[in-house]
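Inspection log for the structure reproduced underneath, given as structure tokens.
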Amino acid sequence: MQDAPIVQLEKVSKIYQQGQVEVKAVDNFDLTVRAGEFSVLCGPSGSGKTTILNLIGALDAPSSGRVWLEGQNLAELNRGRLSRLRRDRIGFVFQSYNLIPVLTAFENAEFVLSLQNVPAAERRKRVMAVLREVGMADYVDRRPDELSGGQQQRIAIARAVVSEPAIVLADEPTANVDSEAADTILDLMTMLNREKGVTFLFSTHDQRVMDRARRLIRLRDGRLEADENQDR
Amino acid sequence: MQLLHLALKNVLRSRHRTWVTIAAMAFAGCIMIFYASLLQGWLRSMERNAVDMETGELQIHAPGFRQDPDLYNVIVDAKSVIKQASAAGFICAGRLLGSGLAAADENSTGVSIRGIDPAADDLVTRLHDHVQAGRWLSQKENNGVVIGSKLATILAVRPGSELVLVGQAADGSMANDLYTVRGVLKSVSQEVDRGGLFMTAAAFRAFFVLPAGVHEIVLRRTLRSEPLTVATARLRALFPDLEVKNWRQLQPTLARLLDLSNVSLIILLLITYAAVGMLTLNAMLMGVFERIPEFGVMKALGFSGSRLFGLIVLETVAQVAIGATLALVTGVPLSLYFSVHPLDFSFLLRGSSTIAGIAFEPQWYCEVTRYSVILPVLFLFGAALTAIIYPAVKAAMIRPVAAIHHR
């Protein structure tokens, strides 16, 4: 039996106004992502990868069409419920890591659990477990500016997965790190997917990420060009 | 609690940003406290010069004397009035008032002659320590007079010079005598500067042949906290047959001028506050706007708009609390120092001078009061919290996707 869909996009379009010009970033796009997938949205710059992640992550709203997350139509949720949905069900990994600069590695990883009011003792246990998995247990007291790009991205991954979200959306996670760090990050994500069943949806044009993907969703000019399952 | 924790981490760990903002606030607060104390001191000195110098806080006259200052219209039982007023909590001094013509060499001019008891008057007014040259009156030297600064110029006299005084005595005879200028006053008021001539009460009585009574009793409250209107009413009830007026009634124009000065100084203070408030505002706006991408990430992770608003406000309160403490720690001692060591503007203004009838000293003292300390601190809190509302609302409302990519 197939897993229930976590994400469904139905005839989604997103149009941006740039001065007098309308730019169609996403055009009549359909997509279904199921639990446990390790999928990649790929395509050239401007093909709509990041926009689709933003729409799925409830960071932006479509111009037309519908986005469902675990059966909830995002258009029907108000700001507060969208905020809670992002907190509880979605993990984000950004291209520029986007850790909170004044917080330590531990506090950054703990941030979402704090928002969820998880008791301190349980928070500590869960955060330390994840930091050990991403290999950052020895850096808990370091602030982002004391960490390398690869280390920051590992903390960002820990922050994204520690609350056990339904899906982790990773926007170009290897774009700002060297190839060694990129391999480490990809190993880590692959391990989390295989061993913990974390669902990942990436946007990338990095071939190394595409090579690891089990599903490759190719985009061009905001449209679906190909949807390929790769045997891994 | 969690929000406060996060706010404190943001404030204490963003050292550069925090200290720039706090330093701006502390500097603004310190300047505001000092400036408010200086203006408070300046206003108080204006009032003191207007009141303590010559008029006193209250005066008692025989009925009708103020409308028609007749030499014969005296308070007959002056000793009894002074005794009763003293018992009621006032410090009193009797005065004799007359007019005449003063001449020295080729110069002459009309003068307003005041006979005073130096020992008693010194307790009520401050004329005795407002002598520019020479010395103040002495009971021992009855032919010595002290004159106003412009009168000295008109008559071309200085301490040690002689002048002749001519007048109409109470017995109808022509009074005239030779006096020595004992001292010249600093600027007191236009009236005193141009025509004020002070002599001892004994000398006045001898010159005008007026053996008893006084024309005016000048009073000061021993208890300064008692409102002037209450003290006036109390004194009026005590002497229903005499004319009792406080300085605001005696010099209504001066009172209005001081009130107006008060208002205009408050406006000036507010303008200064607004200027330094802009300094704070700018530092705070920069502090928030440079963090927009960070706020975007927080919102993306599920931090709600209202919590973000609360976080920014709490951070601001924490910063203002530190800034205000530093402002107090620096501004109050600075003002206290200048309350003892005045700012000296003698290089701009030689000696004291008169503006709109009020004497000005070139030395400005600060006066540290509750208002000069509390108001700037409250203003600092008010300005900072008002200033932060706009960026805080903007941050709370911003779409995460726009904020994350904000440059």
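Quick notes on this one:
For (1) more than 24 Å from B:Gly302 (Cα to Cα); (2) assigned to a loop (DSSP other than H, G, I, E, B); (3) among the small types (Gly, Ala, Ser), each residue gets a yes or a no:
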position: A:Val168; (1), (2), (3): no, no, no
position: A:Pro173; (1), (2), (3): no, yes, no
position: A:Arg208; (1), (2), (3): yes, no, no
position: A:Leu216; (1), (2), (3): yes, no, no
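- Members of segment A:19-43 that are open to solvent by 10 Å² or more (accessible area, probe 1.4 Å) and within 14 Å of chain B (Cβ to nearest Cβ): A:Ala25
- Output for segment B:336-362, where each listed residue is open to solvent by 40 Å² or more (accessible area, probe 1.4 Å), modelled with pLDDT under 85, in a strand (DSSP E or B) and within 25 Å of B:Ile271 (Cβ to Cβ): B:Ile355
- Residue selected from segment B:300-316 under the condition part of a helix (DSSP H, G or I) and open to solvent by less than 10 Å² (accessible area, probe 1.4 Å), by the criterion farthest from the other protein chains (Cβ to nearest Cβ): B:Thr316
Yes/no per residue for (1) among the hydrophobic types (A, V, I, L, M, F, W, C); (2) at pLDDT 95 or above; (3) within 30 Å of A:Glu133 (Cβ to Cβ):
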position	(1), (2), (3)
A:Ser13	no, yes, no
A:Ala25	yes, no, no
A:Ala35	yes, no, yes
A:Phe38	yes, no, yes
A:Pro44	no, no, no
A:Lys49	no, no, yes
A:Phe92	yes, no, yes
A:Ala105	yes, yes, yes
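- Filter result for B:Tyr35 (in contact with a helix residue (DSSP H, G or I) (Cβ under 8 Å, 6 or more places away or on another chain) and among the hydroxyl-bearing types (Ser, Thr, Tyr)): yes
- Number of the exception - A:Asp206 against (1) surrounded by fewer than 23 Cβ atoms within 10 Å (Cβ to Cβ); (2) in contact (Cβ under 8 Å) with a residue 60 or more places away in the chain; (3) more than 27 Å from B:Leu308 (Cα to Cα): (2)
- Of all residues in segment B:387-407 being within 15 Å of A:Gln95 (Cβ to Cβ) and in a loop (DSSP other than H, G, I, E, B), the one that is modelled with the lowest pLDDT: B:Arg407
- Of all residues in segment A:178-203, those being surrounded by 15 or more Cβ atoms within 10 Å (Cβ to Cβ) and part of a helix (DSSP H, G or I) number 11.
- The requirement of being away from every other protein chain (no Cβ under 14 Å) and closer than 25 Å to A:Glu70 by Cβ is not satisfied by A:Pro165.
- B:Glu191 acidic (Asp, Glu) and in contact (Cβ under 8 Å) with a residue 60 or more places away in the chain: yes
- Filtered residue count, segment B:119-172, keeping only those that are of a type outside the set (A, V, I, L, M), in a strand (DSSP E or B), out of contact with any Phe, Trp or Tyr (no Cβ under 9 Å at 6 or more places or on another chain) and without any contact (Cβ under 8 Å) to a residue 60 or more places away in the chain: 1
- Condition met for B:Ile147 (open to solvent by 50 Å² or more (accessible area, probe 1.4 Å) and either within 22 Å of B:Leu127 (Cβ to Cβ) or outside the structural domain of B:Ile113 (by TED's automatic domain parsing) (or both)): no
- Pairs are defined by a Cβ separation below 7 Å, a sequence spacing of at least 6 or placement on different chains, a first member in segment A:177-196 that is over 8 Å from A:Gly150 (Cα atoms), and a second member that is open to solvent by less than 60 Å² (accessible area, probe 1.4 Å) and charged (D, E, K, R); the pairs so defined are A:Leu188/A:Arg154.
- Selection within segment B:59-80 - among the aliphatic types (A, V, I, L, M) and surrounded by 16 or more Cβ atoms within 10 Å (Cβ to Cβ): B:Ile60, B:Ala62, B:Leu71, B:Val74, B:Ile75, B:Ala78
- Subset of segment B:188-210 that is open to solvent by 10 Å² or more (accessible area, probe 1.4 Å) and outside any helix (DSSP H, G or I) - its residue that is farthest from B:Ser108 (Cα to Cα): B:Leu210
- Single match in A:Glu122, A:Glu164, A:Glu110, A:Glu180 (criterion: at pLDDT below 90 and within 27 Å of B:Arg307 (Cα to Cα)): A:Glu164
- Filter result for B:Ser264 (out of contact with any helix residue (DSSP H, G or I) (no Cβ under 9 Å at 6 or more places or on another chain) and either within 14 Å of chain A (Cβ to nearest Cβ) or free of Cβ contacts under 8 Å to residues at least 60 places away in the same chain (or both)): yes
- Of all residues making up segment B:37-71, the number that are within 8 Å of the chain's Cα centre (by Cα) and of a type outside the set (Asp, Glu): 9
- B:Arg95 touching a Lys or Arg at 6+ places or on another chain (Cβ under 8 Å) and farther than 25 Å from B:Thr222 by Cβ: no
- Only residues that are among the aromatic types (Phe, Trp, Tyr) and either buried (at least 22 other Cβ atoms within 10 Å of the Cβ) or free of Cβ contacts under 8 Å to residues at least 60 places away in the same chain (or both) were counted across segment B:1-58, and they come to 2.
- The residues of segment B:81-99 that are closer than 21 Å to B:Gly172 by Cα and either open to solvent by 30 Å² or more (accessible area, probe 1.4 Å) or without any contact (Cβ under 8 Å) to a residue 40 or more places away in the chain (or both), listed by number, are B:Leu97, B:Ser99.
The values are calculated or read from the model by the stated rules, or taken from the named source; none is laboratory data. No experiment lies behind these values; they were computed from the predicted model shown. When we count neighbours, we look across all protein chains shown, and the Cβ atoms used for this are built from the backbone with ideal geometry, even at glycine. Side chains are part of the model used for accessible areas, which takes the heavy atoms of the whole protein and leaves out ligands, DNA and RNA. Shrake-Rupley method; radii C 1.70, N 1.55, O 1.52, S 1.80 Å.
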